[in-house]
Amino acid sequence: MYSVEYANPGGDGARVGNGAPGWQSDGSYLADDGERLSDDIARLAYLRTVQDWILRPQLKTVPGVADIDSLGGYEKQYIVEPDAAELAHY
């Protein structure tokens, strides 16, 4: 088992680089893709995204690893609500 965590939870003791990925002086975390994570839920969702889209695919290439289960965090979801009238128009 392993866990995915920030090197400096809450930015305590972290080197602050405003505008660069990492902890910012306002207490938020700037992700590599430019997304500003300003609350705990956003930060936990980001860790879950890293687990699901970066770590899991790489670990599945290791011989003998059958599957990787994710527990915890908040799974990022996209909700698509098509407009039926517009679809009918097309």
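When nucleic acids and ligands are ignored and a 1.4 Å probe is applied, residue 75 ends up with an accessible area of around 110 Å².
For the chain, what does -39500 (n - 2.57) per DSSP helix run (n ≥ 4), summed and divided by total residues, give at 222 nm, in deg cm²/dmol to the nearest 500? Please report the intermediate quantities before stating the final value.
Details: 3 runs with 21 residues, N = 90.
Value at 222 nm, helices only, nearest 500: -6000 deg cm²/dmol.
Peptide packing for 49-56, 7-14 was compared via the average number of neighbouring C-beta atoms within 10 Å per residue; ordered from the highest value, the list is 49-56, 7-14.
What is the range 36-89 by shape, rounded, prolate or oblate, if you read a ≥ b ≥ c off the alpha carbon gyration tensor as root eigenvalues and call it rounded for a/c under 1.5, prolate for a/b larger than b/c, and oblate otherwise? The partial results should precede the final answer.
Values: a/c = 3.69, a/b = 1.63, b/c = 2.26.
Judged from the Cα gyration tensor, the range 36-89 comes out oblate (a/c at least 1.5, b/c at or above a/b).
Site-free segments of the chain were taken between trypsin sites (Lys or Arg not before Pro) in DSSP loops having at most 12 other Cβ atoms within 10 Å, sites themselves excluded; the longest one is 16-59.
Of the listed values (i) 53; (ii) 42; (iii) 57, identify the label whose number matches percent of Cα pairs over 18 Å apart calculated from this model. Evaluating percent of Cα pairs over 18 Å apart on these atoms matches (iii).
The values are calculated or read from the model by the stated rules, or taken from the named source; none is laboratory data. None of these values were measured; they are calculated from a predicted model. All Cβ positions, even for glycine, are placed from backbone atoms using ideal geometry, and neighbour counts span all protein chains on display. Ligands, DNA and RNA are excluded from the accessible area calculation, which covers all protein heavy atoms including side chains. Shrake-Rupley method; radii C 1.70, N 1.55, O 1.52, S 1.80 Å.
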